[in-house]
Amino acid sequence: MTDKERQEGTAVTTPPYASDALAEGTVDAVVIGGGAAGLNGALILARSRRSVVVIDSGSPRNAPAEAVHGLIALDGTPPSEILRRGREQVRQYGGRVVHGAVVSAESAAPSADGDLRFTVTLADGRHITARRILVATGLRDVLPQVPGLAEHWGHSVVHCPYCHGWEVRDEPIGILATGPASIGHAYLFRQLTEDLTYFTHGTDLDEDSRARFAARGIRVIDTPVTEVVDDEDGALAGLRLADGQVVARRVVAVAAPMQARSQGLEGLGLPMQELPGKGRGFASGLAGITEVPGVWVAGNATDLVAQVGASAAAGALAGADINRMLAIADTDAALQEIAEASPEAATR
């Protein structure tokens, strides 16, 4: 199985929703990605009376999860319900949400007054022109090549102790190591259960960590894992080792490397950054600004470990900064128009 196939194994397409028509002409902003970051960015822009279009492929990272947790006032709400409400709220202020996949996004010729322009093209051939772009495509988790693992992703195979920990408390949990980051992962899940087994799965585990694990009652197994074993009802029952032994587990936690979704965005030339122990995402500065003028990024596409609340907040900051820069551009254009109409008036 290739990395691409493993990444796609964690992506779940949600049921289709009513799609708005793609706006004609030039809009103030196109938001690529309809998750928490993208929708909140669009909400800020729409409430600022900006014309904004969200392009959403309908495959959010958290689609397999039954509920979002750790988000005050919305704890326990299904991800699909949060997104449904978000789309409605964006539309309430005149924003549009369009179901589609972006296949290319690139700079276009500037306007007559020198303002930036971008062209975004969808898989079905439609395209839209925008003054600014917010990239909020999220990420994919790259799972280890263990048969049966992806099928339980988001249910019995989890990654975040804060998103899923309470729901799997006191269960027999296995940590399937992917690298050094899994060591810290083990300590966090040990807080949730006394029955924790660490499967090194070909990764290094130094003697100090082994001693610390022993002190916390964490069992270590060095024999490689070959597959996930289900019970007769299809529930996760354990992990089979290379020697044939099956270690009973009800939950497996994996600190999987994460990769920002970048397909179709190559034409923007956005710089990427490697985050040791985490994965690869888009590089960004304050409020999601990037090195590419006119392009911002927010949410898991740049902050790989952000939960839903943090992603939404990042989208809001980016949306506000886009509005600020558009306001400056609008004023520059108005001043230029006055200067061209009456050069003397512009210099008074």
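Details
- Enumerated strands (runs of 3 or more DSSP E) restricted to region 145-258, each holding at least 2 residues that are of a type in the set (A, V, I, L, M) and either open to solvent by less than 50 Å² (accessible area, probe 1.4 Å) or modelled with pLDDT under 95 (or both): 173-176, 219-221, 225-230, 236-241, 251-253
- Within region 1-32, restricting attention to residues that are open to solvent by less than 50 Å² (accessible area, probe 1.4 Å) and modelled with pLDDT under 55, the residue that is nearest to Ala260 (Cα to Cα) is Gln7.
- Among the residues of this structure, Pro180 does not count as one that is in contact with a Phe, Trp or Tyr (Cβ under 9 Å, 6 or more places away or on another chain), more than 30 Å from Ala105 (Cβ to Cβ) and not hydrophobic (A, V, I, L, M, F, W, C).
- Filtered by the rule that a residue be surrounded by fewer than 23 Cβ atoms within 10 Å (Cβ to Cβ) and either among the hydroxyl-bearing types (Ser, Thr, Tyr) or closer than 15 Å to Glu266 by Cα (or both), region 124-144 gives a lone residue, Thr129.
- Yes/no for Leu317 being of a type in the set (A, V, I, L, M), open to solvent by 70 Å² or more (accessible area, probe 1.4 Å) and in a helix (DSSP H, G or I): yes
- Restricting region 47-104 to residues that are of a type in the set (Ser, Thr, Tyr) and farther than 21 Å from Ala130 by Cα, the residue that is modelled with the lowest pLDDT: Ser59
- Taking region 109-123 as the range and being among the acidic types (Asp, Glu) and either open to solvent by less than 20 Å² (accessible area, probe 1.4 Å) or modelled with pLDDT of 95 or more (or both) as the test, only Asp115 passes.
- All positions within region 78-101 that are open to solvent by 20 Å² or more (accessible area, probe 1.4 Å) and within 17 Å of Ala37 (Cβ to Cβ): Ser80, Ile82, Leu83, Arg84, Arg85, Arg87, Gln89
- Checking each residue in region 33-59 for being surrounded by 24 or more Cβ atoms within 10 Å (Cβ to Cβ) and part of a loop (DSSP other than H, G, I, E, B) picks out Gly33, Gly34, Gly35.
- Here region 261-311 is the region considered, the condition is being touching a strand residue (DSSP E or B) at 6+ places or on another chain (Cβ under 9 Å), surrounded by 22 or more Cβ atoms within 10 Å (Cβ to Cβ) and hydroxyl-bearing (Ser, Thr, Tyr), and the residue that is farthest from Thr178 (Cα to Cα) is Ser284.
- Filtered residues of region 78-108 (kept if part of a loop (DSSP other than H, G, I, E, B) and within 22 Å of Arg324 (Cα to Cα)): Tyr93, Gly94, Gly95, Ala108
- Residue check, Ala63 touching a helix residue (DSSP H, G or I) at 6+ places or on another chain (Cβ under 8 Å) and crowded, with 23+ Cβ neighbours inside 10 Å: no
- Scan region 291-312 for residues that are over 21 Å from Asp75 (Cβ atoms) and in a loop (DSSP other than H, G, I, E, B) and the total you get is 7.
The values are calculated or read from the model by the stated rules, or taken from the named source; none is laboratory data. Note that the structure is a prediction, hence the values are computed from the model and not measured. In this analysis, Cβ positions are derived from the backbone assuming ideal geometry, glycine residues included, and neighbour counts consider all displayed protein chains. Protein only, heavy atoms only, side chains kept; ligands, DNA and RNA dropped before computing areas. Shrake-Rupley method; radii C 1.70, N 1.55, O 1.52, S 1.80 Å.
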